[in-house]
Structure formats: C-alpha cells, structure tokens
Amino acid sequence: MAMAICFFCKTVKMEAPPVTVMPVTGGTINMMEYLLQGSVLDQALESLLHRLRGQQGNPFILRARRSLSHPTAPWHLRYLGQPEVGDKSRHALVRNCVDVATSHTLPEFLNEMGFRMDHEFVANGHIFRKGAMKVVVTKLSRILVPGNTENIERLSLSYLVELSVLAPAGQDTVSEDMRSFAEQLKPLVHLEKIDPSKQRH
C-alpha cells in the first residue's frame with residue numbers, strides 16, 4: 001500500500017531531572033517544603049542555565065508532527081528512547097517507542113510543561129507498507145521562518161528513505177526480515193544501521 005504524505009515535524013526537548021515517586025498509603029500526605037532563593041543578573045543567566053543543564057542526564061526528547069495534507073487530523077507525539085547497544089549482530093537500530101495521537105493544542109501544552117523547540121522541518125513524500133514493515137521516502141526541507149510551513153528550503157538533492165517496524169520486545173527476527181527486504185532495494189538505496197551518537201540533533 002502506498003500513500004502520499006506531507007507533514008510538519010518539530011522536535012522539542014527538556015532536560016529531565018530524576019523523578020522521585022512518593023508512596024501513597026491513603027489519606028493526605030503532609031509535605032514540608034525546603035526552599036532557597038536568590039537572583040541572577042541578566043548577563044549571567046545563560047551561564048547559570050548551562051551549569052544547571054550540565055548537572056542533569058540526557059535531554060528528554062519528544063517529536064511532535066502533524067499532517068499538512070489533512071489539517072483536521074490529530075497531532076502525533078512520539079517518544080524515542082535511547083538505542084540498545086548490547087547486541088552488535090542486530091541488523092537494525094532498536095529503541096523504545098511510544099506514539100500517541102493528541103489534540104491541536106499540543107504545542108501550547110508542551111510549552112507549558114517546560115519543553116523548548118529544538119528544530120522543525122517539513123517532510124514531503126510517500127509511505128509504503130509491506131506487512132508490518134513501513135517504508136517512508138521523504139524530501140526534507142528546513143523552515144526558514146519558525147512556524148511558517150510555506151517558507152521552506154530543501155535540505156539536499158536526495159530523499160531520505162527509512163525502513164521501520166514496530167514490534168514487541170524480544171522479536172529479534174524482525175531485524176533479519178528488514179535486512180532481507182533492504183537487500184531487494186540495492187543498488188538503488190543502501191539501508192543501514194545508523195549510529196545515533198554520530199548524528200547531530
């Protein structure tokens with residue numbers, strides 16, 4: 001099955017501190033707040049933010065996207081976990097994934113939660129499905145004016161081709177099926193496992 005697509009995607013990130021979960025045993029919980037306050041000069045703000053971010057773990061990154069071809073369709077919010085690096089014999093990158101449909105107020109909600117936009121782009125192309133496998137062929141364009149999806153510039157003279165499968169954990173035969181399918185697309189395109197640590201966000 002093939003489908004033409006055009007969607008707008010923005011990646012937002014928030015430095016995520018560790019979350020402490022307090023046990024609830026019933027009734028109300030009386031908590032004590034411990035507080036220190038101070039002020040920072042405007043010119044020292046960036047230095048302070050840099051130092052605070054350096055004390056936290058990896059940024060918590062979410063991807064928000066919506067269809068430009070179907071403006072009434074819901075936004076989609078996606079969380080992608082850190083890639084598993086244990087098994088070098090896998091033919092595909094493996095990471096946790098959570099994908100949910102949301103209302104059109106998603107950008108405002110993320111801003112209120114403290115996320116900040118990292119980058120945004122427009123992808124225009126096609127989606128193909130073969131069983132559980134999804135192949136997306138897209139031309140990526142950068143957005144020149146934030147939020148204005150009409151004012152764009154192509155990033156390259158080539159199309160991005162992605163082959164992906166969503167499956168429960170432990171189904172390692174999936175990567176072998178993907179490798180076999182990818183072999184059929186050679187020499188037109190060479191699909192390979194990408195090392196995310198070598199990619200720029």
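The values are calculated or read from the model by the stated rules, or taken from the named source; none is laboratory data. Values in this document were obtained by computation on a predicted structure and should not be read as measured data. When we count neighbours, we look across all protein chains shown, and the Cβ atoms used for this are built from the backbone with ideal geometry, even at glycine. In case anyone asks, the SASA skips ligands and DNA or RNA and just uses the protein heavy atoms, side chains included. Shrake-Rupley method; radii C 1.70, N 1.55, O 1.52, S 1.80 Å.
When restricted to Cα atoms, the stretch 61-201 yields an Rg and a Dmax of 16.6, 47 Å, respectively. Can you list which of the GluC sites (Glu not before Pro) found in the stretch 111-201 are DSSP loop residues with at most 11 other C-beta atoms within 10 Å? Sparse-neighbourhood loop GluC sites (Glu not before Pro): GLU150, GLU192.
Nonpolar atom fraction for the stretch 58-201, defined as the carbon and sulfur part of the 1.4 Å probe accessible area, stands at 53 percent.
Can you sort SER39, SER156 by solvent-accessible area, 1.4 Å probe, largest first? Intermediate results must be reported in sequence, preceding the final value.
Details: SER39 120, SER156 50 Å².
So, going from the largest accessible area down, we get SER39, SER156.
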